1. On the basis of being among the basic types (Lys, Arg) and surrounded by fewer than 20 Cβ atoms within 10 Å (Cβ to Cβ), does residue 130 make the cut?
2. Collect the residues in region 137-160 that are at negative phi, hydrophobic (A, V, I, L, M, F, W, C) and open to solvent by 60 Å² or more (accessible area, probe 1.4 Å), keeping them in residue-number order.
3. Tally up the residues in region 92-107 that are surrounded by 17 or more Cβ atoms within 10 Å (Cβ to Cβ) and part of a helix (DSSP H, G or I), please.
4. Just for region 167-210: of the residues that are of a type in the set (Gly, Ala, Ser) and closer than 16 Å to residue 108 by Cβ, which one is most open to solvent (accessible area, probe 1.4 Å)?
5. Quick one: what pairs do we get from region 92-115, first residue without any contact (Cβ under 8 Å) to a residue 40 or more places away in the chain, second part of a strand (DSSP E or B) and open to solvent by 30 Å² or more (accessible area, probe 1.4 Å), C-beta under 7 Å, 6+ apart or different chains?
6. Hey, can you tell me all the residues within region 123-161 that are over 28 Å from residue 87 (Cα atoms), of a type outside the set (Gly, Ala, Ser) and without any contact (Cβ under 8 Å) to a residue 12 or more places away in the chain?
7. Scan region 60-77 and give yes if some residue there is modelled with pLDDT under 95, of a type in the set (S, T, N, Q) and surrounded by fewer than 17 Cβ atoms within 10 Å (Cβ to Cβ), otherwise no.
8. So how many residues does region 49-72 have that are in a helix (DSSP H, G or I) and in contact with a strand residue (DSSP E or B) (Cβ under 9 Å, 6 or more places away or on another chain)?
Amino acid sequence: MTIFTTICVPEGIVMTSDSRLTQRFDYEDGSYTEFDISNEEQKIFLVRNNEIGITYTSNRMRDGFRMPEFISRFNRLHLSQEDSVKSIATKLNDCLINEEFTGSVVVAGYDYNLPFVFLLENDEVTLLNRTEDGEIIFCITRGGEIDRINDLLDKSCVEIKELSLNQALELGVKLTQDSIDYYNSLPEYSNIGGTVSHLTIQGNMTAFVK
């Protein structure tokens, strides 16, 4: 599992994620054990000349599948500079179906100075930041163990469209770090952890901190 946020505001797009990678062993009696493999796993990626951001969450991936290697290969073999954010999302969805991937993926970036945020889930690609009439929606998307984030957002009544890019970054990092701290304070094992990675996108300019 992963915790991620993607926040689209008038100045740009922000992505944040945790960095814990876990493994799960299932037993015949129906019980299972989870443990950390790494607290430094990369879960935010840049493609198309480092202009388009991708992040993801997944409960289960097939043995041997690693998202960093998969995205690197996908970027190298399937994409060109002419690809739009939408075509990247569509191609990625097709490739993930072939990998029998189950989870949620967000692909976000700019084409012709317009922001696009796509969700890949249940083998479908959905444009999140547009109304039916094509107007831009400024919004926050979250994935993974989101109950804690939802509680905080319900209490804060944040107006996403009024945030600056720096404020959106602060919010995304705060929400992600809070979830890491909260779930690791509980007695049961948390598959969310590590440090917070973040990406900001302004037009075709990006700043990624791992």
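1. Criteria met by residue 130.
2. Result: 138, single match.
3. Restricting attention to region 92-107, the residues satisfying the condition of being surrounded by 17 or more Cβ atoms within 10 Å (Cβ to Cβ) are 92-93, 96, 101, 103-107.
After this cut, where a residue has to be part of a helix (DSSP H, G or I) as well, the list is 92-93, 96.
Result for region 92-107: 3.
4. Ranking the candidates gives 207 first.
5. 93/125
6. Scanning region 123-161 gives 147, 150, 151, 154, 155, 157, 159.
7. no
8. Of the residues in that region, 4 qualify.
The values are calculated or read from the model by the stated rules, or taken from the named source; none is laboratory data. Everything quoted here is computed from the prediction, not taken from an experiment. Using ideal geometry, Cβ is built from the backbone for each residue, glycine included, and neighbour counts are taken over all protein chains shown. For the accessible areas, the whole protein counts, side chains as well, though only heavy atoms, and no ligand, DNA or RNA atoms are used. Shrake-Rupley method; radii C 1.70, N 1.55, O 1.52, S 1.80 Å.
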